[in-house]
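Right, one structure below, let's go through it.
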Amino acid sequence: MNLSTTIAGVTFPTCLMNAAGACCVTQEELEALGESHAGAIVTKSMTPQPREGNPGPRYVSFPGGSINSMGLPNLGYPAYAKLIPELRRFKKPVVASVAGLSPQDFIEAAKAIELAKPDLVEVNLSCPNIPGKPQIGYDMEASRQLLLELQDIFTIPMGVKLPPYFDPIHHEAMARVLEKVKVSFLSLINSVGNGLVVDPESETVVIKPKGGFGGMGGTIIKPVALANVRAFWKLFQGQMPIIGTGGVVTGTDVFEHLLCGASAVQIGTTLVDEGLTAFDRIEKELSEVLNKKGYASVEACRGKLKEL
Ligand code: SIN
């Protein structure tokens, strides 16, 4: 079964990769992704300074999903800029995720990462977990201004990781922004921000930062992720490569993302819970699903969702 995929001219050996944030902060974690069955190595979203992130507990999984408020713990872009050329020895695409607490942060990281030459760059406009810093992707004008500045820095294909949108008017407004900038792919979606999980036993929240509010991931967000993949697939008439993220636990979940229009998927909660062997299992399951359905490749079923 051909599970390879191509995004912005870059070929991935399989369409499965980690989501930025899942098992990808340290050199050891990134090398382990290189040695695993992952189709790419995606770095943690990087900021100029190394960050410890938010105080714990800051990640809790439960049946059906997870809540996190990590707060962008990362090594800082100078460390990733040094690591990226070394990661290329694994002969799979390296995707650098760039974030920041201000537009200047993004620009500074972008300049260094452009020189490190990852295969793709994913600009994270959607971290919900920095106290006092709203998700840029919900501010269309701020997103537009930032992306215009970044497009002049990158020669590497630049993608954007967006927050979930919940109304067509917001999908359309963001699509209008993206039409005016040189964006080569979309990663949809980041966690569903500012959910709240309650432990009725202890009568407490389950994570410490932001009074217990955090980004939701896993199966519970799959319908929101699929809807965003589908909405942007349609708005760009299938011409914008999309990486679907949200609720990928099984090969069937990947198939659903592909049907909605994704070219690849990223895996977060499942990787954190199950470890990197999840790639082997999901790859096998996806091959079985595609085989059973009579599709010879990822490309063959991409966007083929039928409406009633
Ligand atoms: C975090 O580090 O808080 C998660 C990153 C993200 O949601 O973009």
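The values are calculated or read from the model by the stated rules, or taken from the named source; none is laboratory data. Keep in mind it's a predicted model, so treat the numbers as computed, not measured. No Cβ is skipped: glycine too gets one built from the backbone with ideal geometry, and neighbour counts run over all protein chains shown.
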Under 7 Å by Cβ, and 6 or more places apart or on different chains, what pairs join a residue from segment 171-199 that is touching a residue at least 40 places away in the same chain (Cβ under 8 Å) and under 14 Å from Leu148 (Cβ atoms) with one that is surrounded by 15 or more Cβ atoms within 10 Å (Cβ to Cβ) and of a type in the set (Ser, Thr, Tyr)?
none
Exactly one of Leu162, Leu115, Leu120, Leu146 is away from the ligand (no atom under 16 Å from the Cβ), crowded, with 19+ Cβ neighbours inside 10 Å and modelled with pLDDT of 95 or more, and that one is Leu120
Touching a residue at least 40 places away in the same chain (Cβ under 8 Å), among the aliphatic types (A, V, I, L, M), surrounded by fewer than 19 Cβ atoms within 10 Å (Cβ to Cβ) and touching a strand residue (DSSP E or B) at 6+ places or on another chain (Cβ under 7 Å): does that describe Val229?
no
Restricting segment 77-87 to residues that are in contact with a helix residue (DSSP H, G or I) (Cβ under 8 Å, 6 or more places away or on another chain) and not small (Gly, Ala, Ser), the one farthest from the ligand (Cβ to nearest atom) turns out to be Pro85
When you go through Phe106, Phe90 one by one, which is the residue that is in contact with a helix residue (DSSP H, G or I) (Cβ under 7 Å, 6 or more places away or on another chain) and away from the ligand (no atom under 16 Å from the Cβ)?
Phe90
Surrounded by fewer than 16 Cβ atoms within 10 Å (Cβ to Cβ), of a type in the set (D, E, K, R) and at pLDDT 95 or above: does that describe Lys44?
no
Met17: passes all of (1) over 17 Å from Thr250 (Cα atoms); (2) in a strand (DSSP E or B) but (1)
Of (1) surrounded by fewer than 18 Cβ atoms within 10 Å (Cβ to Cβ); (2) within 15 Å of Leu16 (Cα to Cα); (3) within 16 Å of the ligand (Cβ to nearest atom); (4) not hydroxyl-bearing (Ser, Thr, Tyr), Gly275 fails just (3)
